[in-house]
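S.K.: Quick one: this structure, given as structure tokens, is what I'll be asking you about.
The values are calculated or read from the model by the stated rules, or taken from the named source; none is laboratory data. Note that the structure is predicted; figures quoted are calculated from it, not measured. With ideal geometry, Cβ positions are generated from the backbone for all residues, glycine too; neighbour counts draw on all protein chains shown.
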Amino acid sequence: MEEILKIELWGNRTVADLISPDYLLGFFGDLVAAIVVLVIGFVLARFLSRRITRLSEIYPSLDQTLFSFLSNIVRYVVITLTILIVLNTFGIQTTSLVALFGAAGLAIGLALQGTLSNVAAGVMIVFFRPIRLGDFVQINDAMGTVMNINLNFTELATIDNVQVIVPNSQVWGNTITNYSVYDTRRAEWTFGVSYGADLKLTEKVIRDTIMADDRSRTSPEPFVQVNNLGDFSVDFLVRVWVSRADYFAYQADMKRRVKEALDAAGIDIPFPTQTMIQTKG
């Protein structure tokens, strides 16, 4: 029996050591301390994460995406440090675990290259911020409002409110058209009138109709000029600057109003026609 008790079960400790009152008191003391550290660590991680996220609400001018990213980083760092402290409490050498996790991370990284490329692209998007939450963008064939940016993908809501998920590697590695960066946009139309129309009167009607709208900007100067002599019409190219928020409604409104103004002025808007000549044999 004495020889059995001397069998080493944990490090240099024998069975007799493991069942001794001093060891049990020390073990349970370490266990209680570890639980306390875990609770404090998780509470602290949650508090710091919420605090950083709260800063984006207190200061609306700052980028919410960056704060969201930083809050997640801080949370995971605090939790990782908490776990390492708990392991040290029980005498476990964390240096060996770090080396083990490093080797496992390398193997996982090789197996998940596509996912990690999305994560790397997500970090670049968050720090360089080519797009932000609320921006109206086009990425490849996807167009919509940016609803969410995380480390793996970017979420868009299309004009008809359909969710589109774009992997971050495709966002960062492709051309991004952002319609929300600048305050103004240039609206453009082409209006065709018949060859018999009074061109000076036509230009005046178009200009007066468009500039009568309060949304039309006078600077830069609006452009209304004959641009093309088509097969069946004289085409006026019209360019006017407008606020970004008014762009889509403004484009549609001006098409209807110019059409109605040209009709009221008796200016003919032609359409393609074909003349068929039939000869008798």
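S.K.: Go through region 203-224 and give me each residue that's of a type in the set (D, E, K, R) and either part of a helix (DSSP H, G or I) or touching a Ser or Thr at 6+ places or on another chain (Cβ under 6 Å) (or both).
M.R.: 203, 204, 207, 208
S.K.: Can you tell me how many residues in region 150-163 are farther than 22 Å from residue 70 by Cα and either without any contact (Cβ under 8 Å) to a residue 12 or more places away in the chain or over 11 Å from the mean Cα position of the chain (by Cα) (or both)?
M.R.: Residues in region 150-163 being farther than 22 Å from residue 70 by Cα and either without any contact (Cβ under 8 Å) to a residue 12 or more places away in the chain or over 11 Å from the mean Cα position of the chain (by Cα) (or both): 6 in total.
S.K.: Based on this model, can you work out whether residue 127 counts as of a type in the set (Phe, Trp, Tyr) and loosely packed, with under 13 Cβ neighbours inside 10 Å?
M.R.: Yes; evaluated as a whole, the condition is true for this residue.
S.K.: Can you list the strands (runs of 3 or more DSSP E) found entirely within region 138-196 that contain at least 2 residues being of a type in the set (Phe, Trp, Tyr)?
M.R.: Result: 184-193.
S.K.: When the residues of region 252-266 are narrowed to those that are basic (Lys, Arg) and under 35 Å from the mean Cα position of the chain (by Cα), which ends up nearest to residue 240 (Cα to Cα)?
M.R.: Residue satisfying both the conditions and the ranking: 255.
S.K.: I've got another one for you. Considering only region 91-102, state which residues are surrounded by 13 or more Cβ atoms within 10 Å (Cβ to Cβ) and either at pLDDT 75 or above or polar (S, T, N, Q) (or both).
M.R.: Once the filter is applied, which keeps residues that are surrounded by 13 or more Cβ atoms within 10 Å (Cβ to Cβ) and either at pLDDT 75 or above or polar (S, T, N, Q) (or both), region 91-102 yields only 94.
S.K.: Further, regarding this structure: Considering (1) crowded, with 16+ Cβ neighbours inside 10 Å; (2) more than 33 Å from the chain's Cα centre (by Cα); (3) modelled with pLDDT of 90 or more, say which one residue 247 fails and leave the rest.
M.R.: If we test residue 247 against (1) crowded, with 16+ Cβ neighbours inside 10 Å; (2) more than 33 Å from the chain's Cα centre (by Cα); (3) modelled with pLDDT of 90 or more, just (2) comes out false.
S.K.: I'd like to verify a number: residues in region 164-190 that are among the hydrophobic types (A, V, I, L, M, F, W, C) and touching a residue at least 60 places away in the same chain (Cβ under 8 Å), how many?
M.R.: Residues meeting the conditions: 2.
S.K.: Going through region 59-90 one residue at a time, which ones are of a type in the set (D, E, K, R) and either in contact with a strand residue (DSSP E or B) (Cβ under 6 Å, 6 or more places away or on another chain) or at pLDDT 80 or above (or both)? Quick ask: steps written out before the conclusion?
M.R.: Of region 59-90, the ones of a type in the set (D, E, K, R) are 63, 75.
The answer is 75, and nothing else.
S.K.: State yes or no: is residue 190 surrounded by 13 or more Cβ atoms within 10 Å (Cβ to Cβ) and either of a type outside the set (Asp, Glu) or in the same structural domain as residue 248 (by TED's automatic domain parsing) (or both)?
M.R.: no
S.K.: Sticking with this structure for a sec: When you scan region 172-184, do you find a residue that is over 30 Å from residue 153 (Cα atoms) and in contact with a Phe, Trp or Tyr (Cβ under 9 Å, 6 or more places away or on another chain), even just one?
M.R.: no
S.K.: While we're here: I'm checking my understanding of the structure. Among residues of region 146-170 that are out of contact with any helix residue (DSSP H, G or I) (no Cβ under 6 Å at 6 or more places or on another chain) and of a type in the set (Val, Ile, Thr), which one is surrounded by the most Cβ atoms within 10 Å (Cβ to Cβ)?
M.R.: The residue in question is 146.
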